[in-house]
Structures are given as C-alpha cells and as structure tokens.
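Dropping the structure in here first, questions after.
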Amino acid sequence: MQWLVKLKRLVLLSLVAGMVGCASIPAGVEPSPHDPWEPFNRSVFEFNEGLDTYLLKPVVAGYRFVLPEFVRDGIYNFFSNYSDIYTALQNLLQGKPDYAFSDLMRVVVNTTFGLGGLIDMATPGGLPKHKEDWGQTFGVWGIPSGPYVVLPFFGPSNVRDTFGTAADLESDYLFRLLPDVALRNSLTGLRVVNARNTYYEAGDLLDGAAIDKYSFVRDAYIQRRAYQINEGRDDEEPLMPVYENPYQ
C-alpha cells in the first residue's frame, strides 16, 4: 500500500537525520516520560532548525517582501478552504456529523462567494473553522499516541501521528493525486511556505523567550494534540502551536 511506503520514507528520513549525531540533553533540563528517545529527537530537531534557518525562513522572508499582505491572506484562505474538505471527512469519521456539515458549508460558502476560497466569508457568517487530520481521528478512535518523535521536515509528532501523517499525505489530492506534476509540485512548495509564513514572527519570539526551545516545542505539541483530540474537555487552553504541519 502506498501509505506504507510514505511511512517508511518518514522513518528513513528520521534515521538519516538522526545519524548526524544524537544531541545531548542540556544540564538542568528534566527528561520527559513522553520522550524516551530525546537525544535522537534533539538531533532531528537541530536538523530541522538548520533547515528552517538557512532555507525555509529566507524563502518566507522573500515571500513576504514580494507579495503584499492581502495576496498572502488570499493564499492562506485558499489552502484553508481546501483543507476544510478533508476536515469534514475527518469529523464524519470521528462521529461528529454536525461539524462535518458545517465544514462542507464553509467550502460551499467560501468557494461560491469568496472567489474560489480566496476570501473567508464563512467565519464572519457564523461557520467556525475546524481543523482535523488522521492523527486526531486515530486518537478519537482510541489509538494511544505512543512516544514523542521528531520527524525531519515535518517536525513534532508521535508514533500515532506519524502514521497519521503518512495517511494525510496518501489521501491529499494536491500532494499525491493531482495529474499535473509541475502544478502539483508548485502548489506543494507554496503550501509549505504559506504554512511557515503563518508562524513567521512567532518563531522569532520563541527564539528569544524559550530557555530550552526543544522542550518548549515538545510540551506545546503534546498539550495541543491532547486538547485537539479531547475538544478541550479535559485540558486547558493549549500552548502556542509553534510550527504548523501543512499536512495536518
């Protein structure tokens, strides 16, 4: 199955990134019971940080310089409208047909009245934005999260969400099934830049505020995912989502 191939690639990428060398845990930092592979994860985290610093962030800086804010907002809204289709499916699989119907109505409203999704007309019209993915659906189905893991390029995850990411990639039309390969690759690149642009300034704030950035990102991710799966019933408001996976 193709999604298994995707999963194998994610695992292989993690191994390759980890071969750079397992980073040591800083003195005074308490190990987390959710993170038994912390030295390995830290090495992948450092790999991702370097990739972000020397490649992705400069690209996003140029993106922000070239495109005015209203154009960037339109691109964000377009991909957000597209993701609502998949969110509707996930909400249906999670046993939330009312949310699924609301998500589909968002797509209809924004596509019809929002210039193909470039303008968000649904949110001010009383249709709130949801965001669901296969990892959350697996969690709602009762599959445990497993240990925390950092994936190369994709960032914070866990064993369950690694399988979820593979399923997200396999079922994503723009990433996997769009016949025009050149268009598909261009949209994927734009999508990644758009996702990083969303947290462009938040990353700078975190660099200056977090004593141990790795621990902060890990704890924020674990809390955020628990909040998303439980719909906030058993958790307080999540910490700031530092990085947004464009495929989740």
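Which distance in nm do the two modelled labels at residue 173 and residue 200 give, with both placed 7 Å along the Cα-to-Cβ direction?
Here the answer is 2.9 nm between the modelled labels.
Once you put a point 7 Å from the Cα of residue 113 and another 7 Å from the Cα of residue 143, both along the Cβ direction, what distance in nm separates them?
Placing both labels 7 Å along Cα→Cβ, they lie 3.7 nm apart.
By average Cβ neighbour count within 10 Å, what is the ranking of 60-66, 165-171 from highest down?
Most protected by this proxy first, the peptides run 165-171, 60-66.
Let me ask something additional. Whole angstrom only: what separates the Cα centroid of region 133-204 from the Cα centroid of region 85-124?
Using only Cα atoms, the two centres lie 19 Å from each other.
Amide H to amide H under 5 Å from residue 151: which residues, 5+ apart in sequence or cross-chain, H placed 1.01 Å off N in plane?
Residues meeting the criterion, in which the H sits 1.01 Å from N, are 157.
Every number in this text was worked out from the coordinates using simple rules, so none of it is lab data. Predicted, not measured: the structure shown is a model, and the values here were computed from it. Positions of Cβ are generated from backbone atoms using ideal geometry, with glycine treated the same way; all protein chains shown enter the neighbour counts.
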